[in-house]
Structures are given as C-alpha cells and as structure tokens.
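First the structure, in the form of structure tokens, and then the observations on it.
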Amino acid sequence: LRTAVSNFRGNPDASKITQKMELAFKDLYLNGAADKIPPVRSLALFEEFKELTPSGKNGDKLIQKLAERLAAVDLLEEAAKLLEQQIQFRVTGVEKARVGVQLATLYILDKKPEKALTILKGTDFAGQPEEVMRERRLLNARSLIDLKRRIDALVPLEDDESREADLLRSEIYWGKNWPKAAKALQRLMISTGASPGRKLSEKQAQFVLNFGVALAYSGNNRGIT
C-alpha cells in the first residue's frame, strides 16, 4: 500500500489507500493482530511504519501495548525506548506521570535503578491520582534499595501501611534491624490470613518462616514460642 501511494501520489484514490494503511496499522497494534507475529518482528513493523501511529489516546495506548508485549518477553531495553519517546514527544501532565511509572518499572527490572529515580523525578506533576502517587513512592523505595540506600528508602514508605510497603520494609530491615523486620513480617503474615490451625499457602508459609527467623535473631524467645 505504501508503494502504491508513493508511486501514484496524484491519483484520486491515494488518500483512500492512506486511510486503509492507517486502519491496518491500528488493527495490528490496537486489536491484537500483532500478537500473532513474533515480538521482534512486531517492533520492526512499528518502527518501519510509525508515522501511521494515531494521535491522541489511541496512539498512546498503542505504544503502551507494544511496550508491554516487548517487556513480557524480556525485551526491556526496546520497551523502554518506546516509552522514553512517548514521554519526550507525546504525553503531558498526569498521563506523563503514569507512563513514567511504567518506564521506571522497566528500568528497575532491567537493573537500572538510577535511571528509574531520574525518570520518576522528571515525570512528577501536581494533581496525580493517589494510586499513581502510591506506585511512584513504592518505585522510589525499590530503586533506593537497589542502590543500597536503605535508610533513604524508608522515607517514601512513611505512612504507607500497604502489604507492598511492608514487603519493602522487611527487605530494608532484614539483617540490619531484626525487631523491625519481625514487625513488618508479622503484619504481612496476618494480612495474608495465616493463622494457627489453618493450612498455609506457600507464600504464607514463607512469611511465617521469615518471621520466625527475624524473631530468633531478635532474641525474642516469647515470640518464637
């Protein structure tokens, strides 16, 4: 179709062919047709025809879906490049903050915590939904833990009593402050429904075991009993 448009620009049907190309492109990346081809080929097609990316929310959704697919098969760097371009050229305000969360997550998975912190700082805007702000706090803490800045990592977790925050706290305190690690693990154990006399899931059993280890290193014999 592109060859036809290029060779017959003056033809009255050229605009119709261009519209057909745009519809085919949207069908590929918004309606799942691209899921049937290998991810690397899907990325190559996108790069070859990215001028057909629709404007507005449909285009943003298209890019994010492709990035998610690339990330799912461990093509983290390629997925990150798509989101970097989106942040630089397409999105603003709250939507930029949301995409920043996605990109920071990819950087953390790709063991690039410094880049995660940078993108979180660069996409911080007023008026973000509480859910997005909470995700950003957790990602900030995760990045700081990965950079061995454990004390700094506690700051974004202040006043956050969620399970995810307690998981990070237990990691921060593990081997450093056993009583506080035990408290975080106890909350995690209770939040998952672990209790005496009930069969434990693998996750619950792991929390119970870790709680016991933290109590032992704390010298809390009563707690162990």
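The values are calculated or read from the model by the stated rules, or taken from the named source; none is laboratory data. These numbers were taken from a predicted model, which means no experiment stands behind them. Cβ placement follows ideal geometry from the backbone for every residue including glycine, while neighbour counts extend to all protein chains displayed. Surface areas here come from the heavy atoms of the whole protein model, side chains and all, with no ligands, DNA or RNA. Shrake-Rupley method; radii C 1.70, N 1.55, O 1.52, S 1.80 Å.
Per-atom-type breakdown for the stretch 23-139 gives carbon and sulfur 54% of the accessible area (1.4 Å probe, protein chains only). Ligands, DNA and RNA aside, Asp159 has an accessible area near 150 Å² when probed at 1.4 Å. Can you give the Rg to Rh ratio of the stretch 1-87, both from alpha-carbon atoms, with Rh computed by the Kirkwood formula? Here Rg/Rh amounts to 1.02. Projected over every direction and averaged, the convex hull enclosing the alpha-carbon atoms of the stretch 164-225 yields 3.9 nm². In the context of the full protein assembly, Arg187 retains an accessible surface of approximately 110 Å², using a probe radius of 1.4 Å and ignoring ligands and nucleic acids. For the stretch 97-225, the relative contact order works out to 16 percent when only alpha carbon pairs closer than 8 Å and six or more residues apart are counted. Here the contact order of the stretch 49-90, divided by its residue count and restricted to Cα pairs under 8 Å and six or more residues apart, works out to 35 percent.
Among Val40, Val208, the order of accessible area from largest down is Val40, Val208, computed with a 1.4 Å probe on protein heavy atoms. In the assembled protein chains, Thr118 presents an accessible area of approximately 100 Å² (probe radius 1.4 Å). Here the relative contact order of the stretch 1-95, from alpha carbon pairs under 8 Å that lie six or more residues apart, stands at 21 percent. Summing charges over all other residues whose Cβ lies under 12 Å from the Cβ of Phe207, with Lys and Arg as +1 and Asp and Glu as -1, gives +1. When Rg and the Kirkwood radius Rh are both evaluated on Cα atoms of the chain, their ratio Rg/Rh stands at 1.15.
Between the alpha-carbon centers of the stretch 194-224 and the stretch 1-55, tell me the distance in whole angstrom. Centre-to-centre distance over Cα atoms comes out at 57 Å. For the stretch 90-119, applying the loop criterion from DSSP together with a ceiling of 10 other beta carbons within 10 Å to the trypsin sites (Lys or Arg not before Pro) yields Lys111.
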